[in-house]
1. Spot the failing condition for I498; the list is (1) farther than 30 Å from W154 by Cα; (2) within 23 Å of the chain's Cα centre (by Cα); (3) open to solvent by less than 50 Å² (accessible area, probe 1.4 Å), and only one is missed.
2. What are the residues in segment 406-442 that are in contact with an Asp or Glu (Cβ under 9 Å, 6 or more places away or on another chain) and aromatic (F, W, Y), if any?
3. Yes or no: segment 353-363 includes at least one residue that is in a helix (DSSP H, G or I) and touching a residue at least 60 places away in the same chain (Cβ under 8 Å).
4. Before we move on, is Y198 within 30 Å of F122 (Cβ to Cβ) and modelled with pLDDT of 95 or more?
5. Just checking, which of L400, L354, L332 is open to solvent by 30 Å² or more (accessible area, probe 1.4 Å) and closer than 24 Å to V134 by Cβ?
6. Considering only residues that are surrounded by 19 or more Cβ atoms within 10 Å (Cβ to Cβ) and not aromatic (F, W, Y), look in segment 230-240 and name the one that is farthest from L428 (Cα to Cα).
7. For residues that are within 18 Å of the chain's Cα centre (by Cα) and more than 25 Å from I432 (Cβ to Cβ), tally how many sit in segment 131-175.
8. Go through the residues of segment 332-346 one by one and say whether even a single one is outside any helix (DSSP H, G or I), closer than 19 Å to S197 by Cβ, free of Cβ contacts under 8 Å to residues at least 24 places away in the same chain and touching a Phe, Trp or Tyr at 6+ places or on another chain (Cβ under 9 Å).
Amino acid sequence: NAMILMNVYCNKIMKPIDGSCCQPQPPLTLIQKLAFCFFTLSIIGYLIMNLIHRNNYRKNKSCTDLESGEERKPAISTPNVSTLEMLLHSFCKLGLIMTYFYLCDRANLFMKENKFYTHSSFFIPIVYILVLGVFYTENTKETKVLNREQTDEWKGWMQLVILIYHISGASTFLPVYMHIRVLVAAYLFQTGYGHFSYFWIKGDFGVYRVCQVLFRLNFLVVVLCIVMDRPYQFYYFVPLVTVWFMIIYATLAIWPQIVQKKANGNCLWHFGLLLKLICLLTCIYFLSYSQGAFEKIFSFWPLSKCFELNGNVYEWWFRWKLDRYVVFHGMLFAFIYLALQKRQMISEGKGDPLFSNRVSNVLLFISVVSFLTYSIWASSCKNKTECNELHPSVSVVQILAFILIRNIPGYVRSVYSSFFAWFGKISLELFICQYHIWLAADTKGILVLIPGYPMFNVLVSTFIFVCVAHEISQITNDLAQIVVPKDNSTLLKRLLCIAGFFSGLLLFSAMQDQSRH
């Protein structure tokens, strides 16, 4: 009781960044009020349209033929769903979800609690999910290296481990922290590998592709920035993958555009691409050791507004620097793998080892030793700062070791876990949604929906959290088809509207910051 009284009195003044109770509710900003009005109008509009469609559908309902006694089917069995109705339906669902977000982490409706790390709270759930993942093993549709099912599985189990890491407060235990850093690096490795492979094989550098990727990556975060009154950099992983996607695109799209089709005719194009990658590596190296130059680039408006946190871009520089080489490693791995595949130097048949038996066994042995060596080094870390300095250069060792262990044996490459793959398809939404509706106090605490029953509370909040993440993934996919059309002229008009929207948003945000100061 004394602690609660002290929190009631002190937290209004101290405003601690944790899961303490009795924090004063922040006042609604103008942008939040406008967002509330927008979602309310969307809900009302959808309900009106739904009522109109229902009335029209009832009028066209099948009636009984009095002479034959048979039921006649209507000309239209189901009402046609217009683009406007789909748009309103998506915003209606999104509005209800955002209300839940706000109630969980901005209103003082639900309690929060602080994290307390124990080894059992981290490792026991890990064992549970691994058992579940193995239980749902299925055959893959294709047996290529890093095929779609395998990458979804990889993202899925990594995301579940990261979620357990966050809710258990395991960042205080340095060996676990270092291994989680490798998982984050592996996500970025997949970013480099996936986008490079697409541009190299397809040769599609069109605006439609860029807009689709940017929309899918940023839609949820932009909405949360508005509704939860958080800066863009607060959700650091999305700015990170967005910037790296643009770097990959710029590297490959800038003249001369070198793609697989062109390179097959002349091997010199391969050297040209390698020169591009070397230039990219040089730029990364220069920026990583020149904090001043990096901060100047991202200190110009409107970039500064997107990448500043607490008034400076140091946090952004730290996050970027921590995994600065791994996207390049992903691009280089994709280039080497696709070159070997084109020259039929690897065997990707079902059940076949990737290389000859002798080479496969040697590579497997080296991979296992490398994997264990990195784990031993990470587990022996004593200083987080020193280990973070080495991490960008050595994280690729464990990533490549895992890829080879997972893909060299044919029988391992031919199966995947559908359980992990399902979570992998919504991994981005899971990563972002956890900030407010699974964790709380902007990830510093844990959301308490059912006080006094910690295990039951975790089960209920987790179920809601996963359902919401899945629903948001569906909403994002639906809206991406509407907002980003394939027709270039229509897309250009939409881009101008979006640019105007963001300009107004940034101006409103700047005015709010001035009024606060």
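1. (3)
2. Result: Y416, F419, F420, W422, F423, Y435.
3. The answer is no; no qualifying residue exists.
4. It is false that Y198 is within 30 Å of F122 (Cβ to Cβ) and modelled with pLDDT of 95 or more.
5. Just a single option satisfies the conditions, and that option is L400.
6. Q233
7. 0
8. There is at least one residue in segment 332-346 that is outside any helix (DSSP H, G or I), closer than 19 Å to S197 by Cβ, free of Cβ contacts under 8 Å to residues at least 24 places away in the same chain and touching a Phe, Trp or Tyr at 6+ places or on another chain (Cβ under 9 Å).
The values are calculated or read from the model by the stated rules, or taken from the named source; none is laboratory data. All values reported here derive from a predicted model rather than from experimental measurement. Positions of Cβ are backbone-derived with ideal geometry, glycine not excepted, and every protein chain shown enters the neighbour counts. In case anyone asks, the SASA skips ligands and DNA or RNA and just uses the protein heavy atoms, side chains included. Shrake-Rupley method; radii C 1.70, N 1.55, O 1.52, S 1.80 Å.
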